[in-house]
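The values are calculated or read from the model by the stated rules, or taken from the named source; none is laboratory data. Just so it is clear, the structure is predicted and the values come from calculations on it, not from any experiment. Glycine also receives a Cβ, built like all others from the backbone with ideal geometry; neighbour counts cover every protein chain displayed. When the accessible area is computed, the model is the full protein with side chains, heavy atoms only, and any ligands, DNA or RNA have been set aside. Shrake-Rupley method; radii C 1.70, N 1.55, O 1.52, S 1.80 Å.
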Amino acid sequence: MPVGHDAHRWSTFHGERTLVVAARTVTSTVRVLETLPSLLRDDTRVTVVFAFDPTSAFNDGVLDLLRAAGCRVAPWEQLGHIAPDLILSASENLDVPEGDCPVLVLPHGVGFQKRVPDSRSPHERLSGVVPDSLLETGRAWLAISHPTQEEQLLATHPKAAGRTLLVGDPCFDELVGSRSHRKAYREALGVAEHQRLVMVSSTWRRTSLLGSHPDLLPRLLAQLPCDEYRVGAIIHPNVWSAHGAWQIRSLQAAALDAGLLLMPTVHAWRPALVAADVLVGDHGSVTLYGAAAGTPLLLAAFGGDAVPGTAVHALSAVAPRLDTRGDLRRQVEDVVREHTPQRYAAVAAQAFAEPGHALARLRTALYRLLKLPEPSSPPPAPLVLPVPDPSATPVTSWQVTTDVTGDSAAPAVTVHRVPATVTAYDTTRPDSPTNFTHLACADDERDHRLTESASVLVQRHPAPTPIEALRWIEDTLTQRPGSLLAASAVRRGACLVGLRDGRIVEAAVTGPLLDPGLSTAVVYACLRTGLPLDDAQVTLRIGDMRDEDVVLRLRATQPIK
């Protein structure tokens, strides 16, 4: 609606009630934006005004978020002229204007499970609880997801007596209700069917996962081969707001260049969490959401700011801990093998009451506070989460390890590829008579130091014809005299691999088409071990996930100058 002292003169829609959404941080604003449309759908009786409270240390990004959603925003100082019938927020730390309208506060996480700095004093406070001064007015209502949260509040804030509304958790309901779309989310994120997706979740402050282990992301990417695993990160919006996107991307540059799926600050983390095969987390709400929804969990950090007696504290007592300096791949594989879907059922039962009904209960509470009859339309139900946009940078260079087993009649080559930007964290064993490591680069690698050092160069996109593939191979080996092999796939055909001595090997996969870097790794391993390159069939093993047959055939001899 138009905002200002005389906004009524310009309005087209005239509602019976005015609902003000108080937007203070990205985290809290997102929670309202994800919930409110289902509650007020098609109801012309309610006019919604968004008001921006700039007093938070984490206010950066709030206005951008509101504008992206198409919200008209009123300055906070104009609230006194709007005369709201209800103020709604998911931020508890509000200085609401004087009046008698109720204030409904939604949780922006799971319950009251963390102690955070108090902006009004040098001390800490319980996250999610409004100031006692607002409780004393009798205007505040706190939405909770479980009855035990009311008991917790009464023990620490007696003035909250009678001021809670049990509604459940709409976010958890959406996560659970969207599990049938998991395949679509994985495809959208670029996760292949045979790959495992490891999502890393970090809350904010120094006790968080990234605050405690800022190098965990590149180490995971170094120890989880990229053809078998994808690694993603969900970072709390307060980290983005406090440090800025530039700083985060700078600190995690190696991980991003290694293909890290860095989730945007809003919305996309939910389908990514549904898509995950393993969650590595801390004491943040995202960790609790994932575990409660049935995802295998490894705790990499758990801060002392977590509140004893809460569901997330109960989670810490039963979830396995990640040894961040140990064998990360083995720990991931172990937690997948040992996990059962009901492992954290008791924790979920302690956090979320009456799952599946949160939106319906919240709509009832909202209209009661607005003093309007609830719409006659059916109660809202959890919606399926939207498909996320891909958010990873293509990997352009790899440290490739090949291990040759079997004999010349039935050889097998196991290939492990790790992005070259994180090889400082790699624990691959050194070369042996059958185990070799080499550097491979795509033709769009921007770091010329890598391309000049690469043993193998690969054209990322298939050549239209074999002639163009051969021309690219010849030009590349001429320009890069230090390289041993150059390879290009041919559109709707096999991969052509050019050797420094002029031979051309055609590598054809009997199954689905592969990244040409994998076929080229087979040729490299056969060359190093003296295995035949003509009329040979080699089993390509992509870790423990997948086997394919690769047929090798010499096509021609072309001396490369």
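Where residues in segment 96-140 are buried (at least 23 other Cβ atoms within 10 Å of the Cβ) and in contact with a Pro (Cβ under 8 Å, 6 or more places away or on another chain), which of them is modelled with the highest pLDDT?
A140
Quick check on my filter: what residues within segment 193-222 are within 21 Å of K183 (Cα to Cα) and open to solvent by 10 Å² or more (accessible area, probe 1.4 Å)?
E193, H194, Q195, R196
Provide a single number: the residues in segment 228-281 that are modelled with pLDDT under 95, hydroxyl-bearing (S, T, Y) and assigned to a helix (DSSP H, G or I).
1
Any residue that is outside any loop (DSSP other than H, G, I, E, B) and more than 19 Å from S178 (Cα to Cα) - is there at least one of those in segment 282-292?
Looking through segment 282-292, none of the residues is outside any loop (DSSP other than H, G, I, E, B) and more than 19 Å from S178 (Cα to Cα).
Would you be able to say whether some residue in segment 373-394 is hydrophobic (A, V, I, L, M, F, W, C) and in a helix (DSSP H, G or I)?
The answer is no, given that none of the residues of segment 373-394 is hydrophobic (A, V, I, L, M, F, W, C) and in a helix (DSSP H, G or I).
Looking at (1) farther than 16 Å from T476 by Cβ; (2) touching a Ser or Thr at 6+ places or on another chain (Cβ under 9 Å); (3) open to solvent by less than 30 Å² (accessible area, probe 1.4 Å), find the lone condition where P532 falls short.
Among (1) farther than 16 Å from T476 by Cβ; (2) touching a Ser or Thr at 6+ places or on another chain (Cβ under 9 Å); (3) open to solvent by less than 30 Å² (accessible area, probe 1.4 Å), the lone unmet condition for P532 is (3).
Looking only at strands (runs of 3 or more DSSP E) that fall completely inside segment 423-510, which ones have 2 or more residues that are surrounded by fewer than 13 Cβ atoms within 10 Å (Cβ to Cβ) and not basic (K, R)?
Answer list for segment 423-510: none.
Inside segment 404-413, can you point out the residues that are open to solvent by 20 Å² or more (accessible area, probe 1.4 Å) and either among the small types (G, A, S) or at pLDDT 95 or above (or both)?
Selection gives G406, S408, A409, A410.
Has segment 64-78 got any residue that is in a loop (DSSP other than H, G, I, E, B), open to solvent by 20 Å² or more (accessible area, probe 1.4 Å), modelled with pLDDT under 95 and closer than 17 Å to H108 by Cβ?
Yes, the conditions are met somewhere in segment 64-78.
In segment 355-372, which residue that is outside any loop (DSSP other than H, G, I, E, B) and open to solvent by 50 Å² or more (accessible area, probe 1.4 Å) is nearest to R139 (Cα to Cα)?
Ranking the candidates gives R368 first.
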